[in-house]
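Beneath this line is the structure, given in structure tokens, with notes to follow.
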Amino acid sequence: MSSCALPPTPVHELRITRLIDAPRAAVWRAWTDHLAEWWCPAPWTVEIVEQDARPGGRSAVIMHGPKGEVMPQEGVFLEIVPMERIVFTDAFTKGWIPTGPFIVGFMEFADEAGKTRYSAGARHWTEAACAQHEAMGFTDGWSKVAEQLEVVARRIA
């Protein structure tokens, strides 16, 4: 399957990039097989409902906060390029049922000097949605999650 790379920085995008000290295969496996171990910034946890990692497949999780918060996340995968890229959205639920969109999310994986260059981000429909996500703590939260991903990837490498 061929695929085009995502444009570098479109309007309304938030992005983090991290050099993970683990081979790309381990980072990919941590993403695909160990999601529950790192998906939420601690002390939050995540319950995996379904992760059908194929274009059109359902992505459903429930995040649980330390004060009893419950945040379900439902969406579909748009693109899966093994070992390179995952793209998903909350604009649809399983069966392409439209819902109130917030983001198109992406994760990209590339080799770099025996490590993995990991980029993750969210594209928003509006400037207001982007600003809201940033105010919610996007940079700190997604950076913490990347740190947790690295811990898992190093453990399984």
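Some values worked out for this structure:
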| item | result |
| --- | --- |
| Given (1) exposed (fewer than 13 other Cβ atoms within 10 Å of the Cβ); (2) within 22 Å of residue 135 (Cβ to Cβ); (3) not acidic (Asp, Glu), index of the condition residue 122 fails | (1) |
| Output for the stretch 23-78, where each listed residue is among the polar types (S, T, N, Q) and crowded, with 16+ Cβ neighbours inside 10 Å | 51, 59, 73 |
| Qualifying residue in the stretch 95-113 (condition: touching an Asp or Glu at 6+ places or on another chain (Cβ under 9 Å), farther than 18 Å from residue 35 by Cβ, among the polar types (S, T, N, Q) and open to solvent by 20 Å² or more (accessible area, probe 1.4 Å)) | yes |
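The values are calculated or read from the model by the stated rules, or taken from the named source; none is laboratory data. Only a predicted model underlies this, so the values are computations on that prediction, with no experimental measurement involved. So basically every Cβ, Gly included, is an ideal-geometry build from the backbone, and we count neighbours across all protein chains shown. These accessible areas exclude ligands, DNA and RNA; they are computed on the full protein's heavy atoms, side chains included. Shrake-Rupley method; radii C 1.70, N 1.55, O 1.52, S 1.80 Å.
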